[in-house]
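K.L.:
I am attaching a structure below and will ask some questions about it afterwards.
The values are calculated or read from the model by the stated rules, or taken from the named source; none is laboratory data. If you're wondering where the values come from, they're calculated on a predicted model, not measured in any experiment. Every residue, glycine among them, receives a Cβ derived from its backbone with ideal geometry; neighbour counts consider all protein chains shown.
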Amino acid sequence: MYSASIFLNDLCNYKCIYCYRHIGKGEIEKSKVFNILDHLRKMNFSKISFAGGEPTLVSWNVFEAIEYAKKLDFTTELITNGTNKINFDYLDILTIDIDSLKENMNEKLGKSKKHFIRSEKIIDEALEKEVKVKINTVVSKINIEDIEEIAYWIKTKNIYRWKVFQYLPSIGIAKMNKNKLEISKKEFHEKIKRIKEIIKDWNGQFIYEDNDYMSGGYASIDPKGHFYVSVKKDGEYKTIDIGDVLDYDIEKFLSNKYINKEVFLKRSKINYMYFNSEEI
Ligand code: SF4
């Protein structure tokens, strides 16, 4: 019933200025991913998100890992920038970042200047294949004025979930660009209030997470196969490696001092109830 994300590599063909990828950690081996999936299943995880870097850029075939996860009965999600061919066969959810509908803003943020138009095509393809589509949006100082336009667009699409994050200066490139991108919790929540008004008649799930909510609430796995958490320490966000996934059982994970058990369980429950008709 729990949800995890595995960040397979540190490579990407975009240069997003808010990027959280684990530069310097390379790429996880395919056999290790399979072992981790077996282990997570034993820990009662039932949803797995494959992320990166750009996960389709691993040197092996990421879709084989997605197929393996599906055979283990995971709900499968791919978080991609949409620049490579997608095999939708064993995928339940396709997730793409849309931070602006304006291609000049996408370019400014480090994406391609065809990002939005390309993403729309992939979204339509996914929907045709009955794969659910999720949109992630990172709100920073640069694109905060573009978020309302995304809200109007979301209403025109059959998107199942829109997840909006406050930019988090936790690691790597994201941390380096703190001065350029940081917004306050107050600014973030004022924007969320406006978005809620726009999408009040929309049927999809709207989820938003400020920096405090994000910290410690995820089961995130880095390209070394280690769980890690982003926590606020001495006013700064830090990414802490809490050890090899294979050394954990679920009790040990839930009792780790850096894990926000309440938020982790709440998030897992929302996912589980959506993808499984039974109550938990
Ligand atoms: S945020 Fe995602 S798409 Fe952008 S550079 Fe980082 S890994 Fe690539």
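K.L.:
Working only within region 118-147, note down all residues that are out of contact with any helix residue (DSSP H, G or I) (no Cβ under 8 Å at 6 or more places or on another chain), within 13 Å of the ligand (Cβ to nearest atom) and of a type in the set (Val, Ile, Thr).
P.N.:
Correct list: Val138 only.
K.L.:
Would you confirm, using the coordinates I've provided, whether Leu37 is within 15 Å of the ligand (Cβ to nearest atom) and either farther than 16 Å from His115 by Cβ or out of contact with any Lys or Arg (no Cβ under 8 Å at 6 or more places or on another chain) (or both)?
P.N.:
When the stated conditions are applied, Leu37 does not pass them.
K.L.:
Show the residue pairs meeting these rules: Cβ distance below 7 Å; 6+ apart or different chains; first residue within region 216-245 and among the acidic types (Asp, Glu); second residue part of a strand (DSSP E or B) and at pLDDT 85 or above.
P.N.:
Asp222/Phe7; Asp222/Tyr228; Asp241/His226; Asp241/Tyr228; Asp244/His226
K.L.:
How many residues, within region 96-117, are free of Cβ contacts under 8 Å to residues at least 12 places away in the same chain and within 13 Å of the ligand (Cβ to nearest atom)?
P.N.:
2
K.L.:
Report, by residue number, each residue of region 200-215 that is within 30 Å of Asp234 (Cβ to Cβ) and touching a strand residue (DSSP E or B) at 6+ places or on another chain (Cβ under 7 Å).
P.N.:
Ile207, Tyr208, Glu209, Asp210, Asn211, Met214, Ser215
K.L.:
Return the residues of region 10-34 that are within 9 Å of the ligand (Cβ to nearest atom) and not hydroxyl-bearing (Ser, Thr, Tyr); say none if nothing qualifies.
P.N.:
Asp10, Leu11, Cys12, Asn13, Lys15, Cys16, Ile17, Cys19, Arg21 - these are the residues of region 10-34 that are within 9 Å of the ligand (Cβ to nearest atom) and not hydroxyl-bearing (Ser, Thr, Tyr).
K.L.:
Here is a check on your reading of the model: is Tyr2 of a type in the set (Ser, Thr, Tyr) and within 12 Å of the ligand (Cβ to nearest atom)?
P.N.:
No, not satisfied.
K.L.:
Taking the residues in region 118-129 that are free of Cβ contacts under 8 Å to residues at least 40 places away in the same chain and surrounded by 19 or more Cβ atoms within 10 Å (Cβ to Cβ) as candidates, determine which candidate is farthest from Cys12 (Cα to Cα).
P.N.:
Selected residue: Ile123.
K.L.:
Those residues that are polar (S, T, N, Q) and away from the ligand (no atom under 12 Å from the Cβ), I need them from region 47-80; list them, please.
P.N.:
Those that are polar (S, T, N, Q) and away from the ligand (no atom under 12 Å from the Cβ): Ser49, Ser59, Asn61, Thr75, Thr76.
K.L.:
Right, something else. I'm trying to understand the selection: among the residues of region 186-214, which are hydrophobic (A, V, I, L, M, F, W, C) and touching a residue at least 40 places away in the same chain (Cβ under 8 Å)?
P.N.:
The answer is Phe188, Ile195, Ile198, Ile199, Trp202, Phe206, Ile207, Met214.
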